[in-house]
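Take a look at the structure set out below.
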2 protein chains.
Amino acid sequence: MFARLEEIQQNEFIKAAIDRVGTGVVITDPEQEDNPMVYCNKGFQEMTGYEAEEILSRNCRFLQGEETNSVDVERIRNGLEKRETVHVELKNYRKDGSMFWNELHIFPVHIEQMDQVYFVGVQKDVTYRREQEELLGHYLSEVKRLSTPIVPIQDSISVLPLVGTFDDDRLHQMLETVSHHVKESKEDYLILDMSAVYSYDEAVHMGIYQMNQLLDLMGTKLVITGIKPTFAIQSAPYADFGELSLQTYATVKQALETLRHEINN
Amino acid sequence: MFARLEEIQQNEFIKAAIDRVGTGVVITDPEQEDNPMVYCNKGFQEMTGYEAEEILSRNCRFLQGEETNSVDVERIRNGLEKRETVHVELKNYRKDGSMFWNELHIFPVHIEQMDQVYFVGVQKDVTYRREQEELLGHYLSEVKRLSTPIVPIQDSISVLPLVGTFDDDRLHQMLETVSHHVKESKEDYLILDMSAVYSYDEAVHMGIYQMNQLLDLMGTKLVITGIKPTFAIQSAPYADFGELSLQTYATVKQALETLRHEINN
């Protein structure tokens with residue numbers, strides 16, 4: 001929308017702006033055979049590597065290639081037929097053959113002066129965003145895999161060193177892995193070593209509490225090691241920690257010496 | 001660029017397109033006092049929550065707020081003064097007070113018919129991308145923290161369970177943590193437990209090789225446990241593994257029994 005400007009000035013402004021919007025913009029004419037492109041902005045040329053002269057009057061499908069999902073192409077075709085808005089994300093290809101993820105919006109637009117519907121296509125290169133999402137998925141599953149490194153130390157005793165930060169997902173994953181391990185190996189003791197935990201908060205407390213409940217049901221004793229003096233103060237708000245009456249030791253070594261003695265007697 | 005179209009038809013097309021490009025577009029007039037906005041598209045109104053009527057003729061700084069970085073604001077001011085292109089990412093605020101990350105491009109554009117320079121501002125809401133990047137940073141440091149869970153088992157023996165996948169970064173991180181730990185605790189033995197490793201590839205081989213070199217320098221013996229029968233075949237291409245002459249055991253338990261015996265004699 002303009003603030004009190006002449007029509008001709010407005011047109012000049014929009015023409016200057018459309019080539020700088022950072023997305024590809026094309027217009028196609030569905031009344032002509034094979035719905036050819038009648039306009040493309042500079043952004044579209046930069047994104048695809050084609051010069052306007054090479055592609056105007058052609059149908060946009062030259063962007064498709066080997067790995068373009070045919071379901072998405074079908075959705076585009078249907079939308080165009082029904083003159084509906086289309087939103088898809090599909091693999092497209094530049095002039096040099098390189099692939100990019102194209103977030104494509106197609107809008108049917110009625111142009112009054114021509115009394116006809118045209119299509120405005122807006123293309124956004126979302127390759128970086130897709131890569132970030134993939135990487136995030138990778139690290140998330142890596143964190144899950146790394147989060148519960150159970151070490152069987154001797155018959156009936158395993159150690160689980162507690163490392164990193166905790167949330168519901170992490171806790172859920174740990175309980176699942178511990179439950180699976182204890183069921184398989186029928187341990188008498190699981191030592192939860194907290195040497196690498198630097199502050200005792202509600203998430204850590206819930207972790208210990210739920211781990212203890214689980215192990216209790218399975219007939220395995222939870223032993224806590226590596227508790228720091230500061231934890232006594234930090235754990236104060238979580239009233240029932242004392243009631244768990246867990247065995248605690250300064251170090252895994254001390255716990256093992258005592259437990260071996262218990263097991264042998 | 002257009003394919004053989006009337007001037008008037010072109011203008012209609014671009015006007016229809018500019019409101020659908022998915023980014024905010026504004027034009028400001030630096031020849032007027034305080035460089036007011038003379039145009040904004042629909043995308044800008046949707047992104048910011050303001051109606052055009054409320055904001056036209058005002059300077060764009062109404063988007064700034066409490067947490068907008070003043071260094072970025074200064075960069076914008078300098079760019080405008082020198083009539084240069086500006087590219088910044090800064091915290092902006094919608095009409096309802098909510099924050100969004102704005103990737104802002106400003107282009108000085110000479111409009112021939114007015115023989116004057118105007119500014120085209122293009123705004124992109126990159127809040128989602130920033131959140132993804134932050135999350136990625138979080139998980140990356142979490143993976144690093146989780147990647148080397150060393151468990152001191154008894155005087156002079158620690159266990160490091162090997163979990164997850166390996167790359168140069170991960171290996172580097174592991175060597176650093178192990179080096180630090182061994183220096184502190186002066187272990188005689190470090191048991192590298194491979195029970196959770198399912199295939200022996202070059203990355204795993206390099207890990208063992210470099211870990212052995214490091215520990216050798218520090219006077220600590222590397223012991224490998226949890227080797228699967230399939231590893232013998234998979235490790236064949238890495239010629240010098242046999243030459244390392246490492247102590248290997250099926251399980252951590254077996255290793256501990258033998259090592260305790262060695263230490264006691």
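The values are calculated or read from the model by the stated rules, or taken from the named source; none is laboratory data. Computed from a predicted model, the values in this text were never measured in an experiment. With ideal geometry, Cβ positions are generated from the backbone for all residues, glycine too; neighbour counts draw on all protein chains shown. Heads up: the accessible areas ignore ligands, DNA and RNA and are worked out on the full protein's heavy atoms, side chains in. Shrake-Rupley method; radii C 1.70, N 1.55, O 1.52, S 1.80 Å.
Among the residues making up the range B:139-168, those that are in a helix (DSSP H, G or I) and over 16 Å from B:Y209 (Cα atoms) are B:Y139, B:L140, B:S141, B:E142, B:V143, B:K144, B:R145, B:L146. Of all residues in the range B:116-137, those satisfying the criterion of being in contact with a helix residue (DSSP H, G or I) (Cβ under 9 Å, 6 or more places away or on another chain) and either facing chain A (nearest Cβ under 8 Å) or surrounded by fewer than 15 Cβ atoms within 10 Å (Cβ to Cβ) (or both) are B:Y118, B:V120, B:V122, B:K124, B:Y128, B:R129, B:Q132, B:E133, B:L135, B:L136.
The residues listed here are A:E202, A:E262, A:E176, A:E187; of these, the one that is more than 14 Å from chain B (Cβ to nearest Cβ), touching a Ser or Thr at 6+ places or on another chain (Cβ under 9 Å) and of a type in the set (D, E) is A:E176.
As a summary of the residue check, B:L90 satisfies the conditions (1) surrounded by fewer than 18 Cβ atoms within 10 Å (Cβ to Cβ); (2) touching a helix residue (DSSP H, G or I) at 6+ places or on another chain (Cβ under 7 Å) except for the one numbered (1).
Residues that are at the interface with chain B (Cβ under 7 Å from one of its Cβ atoms) and touching a residue at least 40 places away in the same chain (Cβ under 8 Å) occur in the range A:154-169; there is at least one. For the range A:54-102, the set of residues classified as in contact with a His (Cβ under 9 Å, 6 or more places away or on another chain) and within 16 Å of A:D125 (Cα to Cα) consists of A:H87, A:V88, listed by residue number. No other residue among A:D96, A:D115 is at pLDDT 95 or above and charged (D, E, K, R) apart from A:D96. What about B:Y238, is it within 14 Å of chain A (Cβ to nearest Cβ), within 36 Å of the chain's Cα centre (by Cα) and farther than 21 Å from B:R145 by Cα? Answer is no for this residue.
For the range A:118-164, a tally of residues being charged (D, E, K, R) and modelled with pLDDT under 85 returns 4.
So, in the range B:3-24, of the ones that are more than 7 Å from every other protein chain (Cβ to nearest Cβ) and crowded, with 18+ Cβ neighbours inside 10 Å, which residue ends up modelled with the lowest pLDDT? If you could, list the steps in order and put the result at the bottom.
Here is the first cut: in the range B:3-24, the residues more than 7 Å from every other protein chain (Cβ to nearest Cβ) are B:4, B:6-7, B:10, B:19, B:24.
So of that shortlist, the ones also crowded, with 18+ Cβ neighbours inside 10 Å come out as B:19, B:24.
Working: B:D19: 93, B:G24: 96.
Checked the range B:3-24; the qualifying residue modelled with the lowest pLDDT is B:D19.
Yes/no matrix, rows are residues, columns are (1) within 26 Å of A:D193 (Cα to Cα); (2) under 33 Å from the mean Cα position of the chain (by Cα); (3) modelled with pLDDT of 85 or more; (4) not charged (D, E, K, R):
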position: B:F166; (1), (2), (3), (4): yes, yes, no, yes
position: B:R170; (1), (2), (3), (4): yes, yes, no, no
position: B:E202; (1), (2), (3), (4): no, yes, no, no
position: B:M211; (1), (2), (3), (4): yes, yes, yes, yes
position: B:G219; (1), (2), (3), (4): no, no, yes, yes
position: B:S245; (1), (2), (3), (4): no, no, no, yes
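Scan the range B:70-77 and give yes if some residue there is in the same structural domain as B:V122 (by TED's automatic domain parsing), farther than 21 Å from A:F13 by Cβ, open to solvent by less than 60 Å² (accessible area, probe 1.4 Å) and among the β-branched types (V, I, T), otherwise no. The answer is yes; a qualifying residue exists.
From the list B:Y209, B:Y200, the lone residue that is free of Cβ contacts under 8 Å to residues at least 40 places away in the same chain and open to solvent by less than 60 Å² (accessible area, probe 1.4 Å) is B:Y200.
Out of the residues in the range B:212-231 that are surrounded by fewer than 17 Cβ atoms within 10 Å (Cβ to Cβ) and closer than 18 Å to B:A255 by Cα, state the one that is farthest from the other protein chains (Cβ to nearest Cβ). It would help to see each step written out before you state the result.
Step one: filter the range B:212-231 for residues surrounded by fewer than 17 Cβ atoms within 10 Å (Cβ to Cβ), giving B:213, B:216-219, B:228-230.
Those still in the list that are closer than 18 Å to B:A255 by Cα too: B:228-229.
Working: B:K228: 16, B:P229: 19 Å.
Here the answer is B:P229.
Please verify whether B:V163 is crowded, with 16+ Cβ neighbours inside 10 Å, of a type outside the set (F, W, Y), on the phi < 0 side of the Ramachandran plot and not assigned by TED's automatic domain parsing to the domain that holds B:I18, treating the condition exactly as stated. Criteria met by B:V163. Name the single residue, out of those in the range A:142-153 being in contact (Cβ under 8 Å) with a residue 24 or more places away in the chain and not β-branched (V, I, T), that is least open to solvent (accessible area, probe 1.4 Å). Top of the filtered list is A:S147. Kindly provide the set of residues from the range B:25-51 that are without any contact (Cβ under 8 Å) to a residue 24 or more places away in the chain, more than 19 Å from A:A16 (Cα to Cα) and either surrounded by 17 or more Cβ atoms within 10 Å (Cβ to Cβ) or polar (S, T, N, Q) (or both), ordered by number. B:Q32, B:Q45 - these are the residues of the range B:25-51 that are without any contact (Cβ under 8 Å) to a residue 24 or more places away in the chain, more than 19 Å from A:A16 (Cα to Cα) and either surrounded by 17 or more Cβ atoms within 10 Å (Cβ to Cβ) or polar (S, T, N, Q) (or both). Of the residues making up the range A:24-39, just one is at positive phi and among the charged types (D, E, K, R), namely A:D34.
Can you tell me which residue in the range B:181-200 is farthest from the chain's Cα centre (by Cα), limited to those that are charged (D, E, K, R) and part of a loop (DSSP other than H, G, I, E, B)?
For the range B:181-200, the residue satisfying everything is B:D188.
Could you identify the single residue in A:E53, A:E67, A:E46 that is over 18 Å from A:W101 (Cβ atoms) and either out of contact with any helix residue (DSSP H, G or I) (no Cβ under 8 Å at 6 or more places or on another chain) or in the same structural domain as A:K15 (by TED's automatic domain parsing) (or both)?
Only one candidate qualifies: A:E53.
The C-beta contact set for the range B:123-137 (first residue of a type in the set (F, W, Y), second residue part of a helix (DSSP H, G or I) and buried (at least 17 other Cβ atoms within 10 Å of the Cβ), distance under 8 angstrom, 6+ apart or interchain) comprises B:Y128/A:R129.
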